[in-house]
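Here the structure comes first, spelled out in structure tokens, and everything after it is commentary.
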Amino acid sequence: MSLIAFDFDGTLSDSEMTVLLGEQLGVADEMADITERAMNDQLSYAESLRSRAELLAGLSEADADDAYSEVVLRPGAADVIDRLREAGHTVAIFTGGFERGVAHALNDAGTEVDHIVANALPIEDGELTGEVTGPLIEGTKDDQLEALAADLGVEMDETVAVGDGANDLPMLEVAGLAVGFEPKPAVEPACDDVVATMAELGDLLESRGVLSAAVDNS
């Protein structure tokens, strides 16, 4: 069976966790400026993430939880995840976002995945410290995909990666099937296929033999 790895922000979800957190402190515009600089290669992803985390110093844990509670999956995402797992595939989420937001969105949608690799915003004395920890700050998603595939005994040409942004490029470039979900212009050339909805992704996975055709019981 296959290993299917999803990005989260911009792919499984159209929520941007750092923006939702930043809105709680009134620093969302500053975060958007940092993100824009990173997109223009003026900052590395790691520098961008650390700079955005610094802006969140002092945010209360309760306000952070309020922000995480706004993180939701795209329409149809839970259905695709459930179909993949029911077919016996391993589903993973690799995100530079934060595990608490991912966990809330999955729980809210009534679904789950087999592996989550995400970052975290440490809390001390009930407030965010302004730091960020985790494997996907300096680490890259191709390493995570290759390591998990090796652990599962899945050949790389049997893996599928779905993402949209520059930090998804490494895993898209090494996966057996690279799918762009409304990918950024710099990302699209690395994609074997491009989709704009979860329904389209389901259809694509059927056409590629990853999923069996859905049965209409109506």
(request) Note down the accessible area of HIS115, probe 1.4 Å, to the nearest 10 Å². (result) 70
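If the convex hull of the alpha-carbon atoms of the chain is projected onto planes in all directions, what is the mean projected area in square nanometres?
Working: hull surface 47.4 nm².
Over every viewing direction, the Cα hull of the chain projects on average to 11.8 nm².
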(request) Please calculate how many Å² of accessible area the chain carries per residue, with a 1.4 Å probe and no DNA, RNA or ligand atoms counted. (result) 46
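Give the carbon-plus-sulfur fraction of the accessible surface of the stretch 17-69 in %, rounded to a whole number; probe 1.4 Å, heavy atoms of protein chains only. Don't skip to the end; give the middle numbers.
Values: 1140 of 2680 Å².
It is 42 percent, rounded to a whole number.
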(message) Per DSSP helix of 4 or more residues, -39500 (n - 2.57); summed, then divided by the residues of the chain. What does that give at 222 nm, rounded to the nearest 500?
(response) -12000 deg cm²/dmol
(request) Subtracting the Cα-Cα distance from 0.36 nm times the residue separation, let me have the gained length for ASP114 to ARG85 in nm, one decimal. (result) 9.6 nm
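Using R₀ = 25 Å, calculate the FRET efficiency as 1/(1 + (r/R₀)^6) where r is the Cβ-Cβ separation of GLU188 and ASP33; round to 0.05.
Working from the Cβ atoms, E equals 0.50.
Would you please put 190-196, 7-13 in order of how densely packed they are, using the mean number of other Cβ atoms within 10 angstrom per residue and starting with the highest? Each step should come with its number before you reach the end.
Working: 190-196: 16.7, 7-13: 24.1.
Put in order of decreasing packing, that is 7-13, 190-196.
Give the relative contact order (percent, whole number) for the chain; include only Cα pairs under 8 Å separated by 6+ residues. Can you show the working numbers first?
On the way: 390 pairs, mean separation 49.3, N = 218.
About 23 percent, as a whole number.
The values are calculated or read from the model by the stated rules, or taken from the named source; none is laboratory data. Treat the numbers as computed from the prediction; the structure is a model and nothing was measured. Heads up, the Cβs are rebuilt from the backbone with ideal geometry, glycines too, and the neighbour counts pull from every protein chain shown. Note: accessible area is taken over every heavy atom of the protein model, side chains too, but ligands, DNA and RNA are not part of it. Shrake-Rupley method; radii C 1.70, N 1.55, O 1.52, S 1.80 Å.
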